[in-house]
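Step one of this worksheet: look at the structure below.
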Amino acid sequence: MATLTETITLRRRRTPGARRFSTNQAGTYVARSLCQSLPHSLEALDLSGSTISPALAEVCSHLPELTLDSVRSHMSEVSPLEGMRAHLSDMPDAVRSRLPELDLWDMRARLDDMCSRISDLGLNRPLHYIQSLSDNLQSLRAHLSSLELPQSLNLAALSPNASSAFNDLYDKVVSSELYAEISSDIREGEKAALEITRAVKQSVNGSRLILYVDLPQQWRNNPFVKHGYRFIPLQEWPRLILSLFALHNETLNIHTHLIPFFAWLLTIFPSSAGQSDMPLLTFTAFALLCLFTSALWHTMAGCAHPTGMELCARIDYVGIGWLISASIGTVVHYGYQCNPMACKFFLSLCFIMGLSGSILPFTDWFNRYEYRRYRIAFFVALALTSIAPLAHLAKLHSAMQMFSFMRPIVPSLVSYVAGLVFYATHFPECYLSSRWAHSHLLDRFGGGSHAIWHVFIVIAISQHKAAMSELKRGIGEACW
């Protein structure tokens, strides 16, 4: 067949000006080409003109646009035939070396069995199946044509109006603020997911520390701490727990609250069967809540799961709110021992403020870095709610007696304020990061403003607990 194709191609090349033959001329043209002597490899075949001419004419009739010259022009991209023939002798051995379990005799037996099975299907009569397929399609078309839609659905009349209505609805939806907000959220979500993927890859699945610039935007809380960040996927939670005992920029932030938590946890249980000091136990319980939520948050700050990280950050704010409310509550309880109605009123006010400190942190904006000043203002406002009960104490007794009553807790107030200054100003890292070449050494264990703030909180809690023994005396004369 290849020799026959070359013969046709050579004849065409001898007559480049000839136009392409039509279907009716195909038989004549092929018959002429067959007058050439056949190669010896084809002499054994029955290729008499009476049998091959109609067959070739039929083939050519289905390929009226085939131009062998165009096919020939692409043959230059194929390796030379001589080179291909040189490698043909190596092909059987190469194939057999790659298929060591292949048995050619077994394959031939399988092919014979396959042919016998195919012959049972009657595929030698394809026109019969084509006719059956055509009949079935005609039957399906007739069935569909017989179906009638209800008269109430006049689609021909409704289609223009429906199309216009849908277009108007689509335009309104696309131009709405809700669509723009949803689209913006989707884009931000895709961007955040991409940033998380990159950060996890940068941390080698949480096995090494990364830089501040490698963190996704949601994890960036202190731009002056540039080294030592963990970014551990949630599924690697054992590694996250073991990071409690590793060095990174949250090490001191965790242990400055975790160690006092366990130390005071042992003291909350009464050592004797005597009556417990309920105000002291209540304050200690809320202080432990603050310390535990803080340690939990700083542990989860290195977690690559955004929902888990955000949840623990908000729980940390809840602990801070209840510590402030409990501190004010102790003052109210001891200051209004002789005024139970006023005591219940101001204690209810403390509870409401603590409850608000448990709700507001779960709003969307509260944990964002750009609203950091508003968070500080909120917790300061919680502390300032103590002005109302103190002012009422000054009215009931005197300003001098009120200040004398509050004197024991002044050291704890000073510690709270000092720690808040470090937290709000990011000192000393804001100063050292641009002036000390080795400031990154502090990031190895978290020696920064946040750890200093934690230390002042622990000192303030300890000072407040010590002051409660003096607050028990009350204000003014004892109640009889």
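The values are calculated or read from the model by the stated rules, or taken from the named source; none is laboratory data. This one's a predicted model, so the numbers in the text were calculated from it and none came from an experiment. Here the Cβ is made from the backbone with ideal geometry for all residues, glycine too, and neighbour counts use every protein chain on show.
Checking Ile320, Ile268 one by one, the residue that is free of Cβ contacts under 8 Å to residues at least 60 places away in the same chain, closer than 27 Å to Asn367 by Cβ and hydrophobic (A, V, I, L, M, F, W, C) is Ile320 and no other. For the stretch 377-384, the count of residues that are at pLDDT below 95, in contact with an Asp or Glu (Cβ under 9 Å, 6 or more places away or on another chain), closer than 29 Å to Ile315 by Cα and in a helix (DSSP H, G or I) is zero. Note on the stretch 407-419: residues that are crowded, with 18+ Cβ neighbours inside 10 Å and either within 21 Å of Tyr369 (Cα to Cα) or β-branched (Val, Ile, Thr) (or both) amount to 2.
Would you check if Val458 is surrounded by fewer than 20 Cβ atoms within 10 Å (Cβ to Cβ) and either in contact with a helix residue (DSSP H, G or I) (Cβ under 9 Å, 6 or more places away or on another chain) or in contact (Cβ under 8 Å) with a residue 60 or more places away in the chain (or both)? Judged against the criteria, Val458 is not a match. Of all residues in the stretch 265-276, none are buried (at least 21 other Cβ atoms within 10 Å of the Cβ) and either in contact with a helix residue (DSSP H, G or I) (Cβ under 9 Å, 6 or more places away or on another chain) or of a type in the set (S, T, N, Q) (or both).
Selection of the stretch 165-180 for residues being exposed (fewer than 10 other Cβ atoms within 10 Å of the Cβ) and of a type in the set (Gly, Ala, Ser) yields only Ser175. Whether a residue is surrounded by fewer than 12 Cβ atoms within 10 Å (Cβ to Cβ), hydrophobic (A, V, I, L, M, F, W, C) and closer than 24 Å to Leu240 by Cα was assessed, and Val225 does not pass this test. Just for the stretch 355-379: of the residues that are loosely packed, with under 13 Cβ neighbours inside 10 Å and of a type in the set (Val, Ile, Thr), which one is farthest from Ile328 (Cα to Cα)? Filtering first and then ranking leaves Thr363.
A quick yes/no check of all residues on (1) part of a helix (DSSP H, G or I); (2) farther than 22 Å from Val417 by Cα; (3) not aliphatic (A, V, I, L, M):
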site	(1), (2), (3)
His255	yes, no, yes
Pro260	yes, no, yes
Trp264	yes, yes, yes
Cys290	yes, no, yes
Ala295	yes, no, no
Glu310	yes, yes, yes
Ser325	yes, no, yes
Gly329	yes, no, yes
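Residue check: Arg198 meets all listed conditions (1) under 16 Å from Phe445 (Cα atoms); (2) not assigned by TED's automatic domain parsing to the domain that holds Gly448 but one, namely (1).
Answer with yes or no whether Arg239 is of a type in the set (D, E, K, R), surrounded by 14 or more Cβ atoms within 10 Å (Cβ to Cβ) and assigned by TED's automatic domain parsing to the domain that holds Cys290. It is true that Arg239 is of a type in the set (D, E, K, R), surrounded by 14 or more Cβ atoms within 10 Å (Cβ to Cβ) and assigned by TED's automatic domain parsing to the domain that holds Cys290.
Scanning the stretch 422-451 for residues that are among the aliphatic types (A, V, I, L, M) and either assigned to a loop (DSSP other than H, G, I, E, B) or crowded, with 20+ Cβ neighbours inside 10 Å (or both) yields Ala437, Leu442, Ala451.
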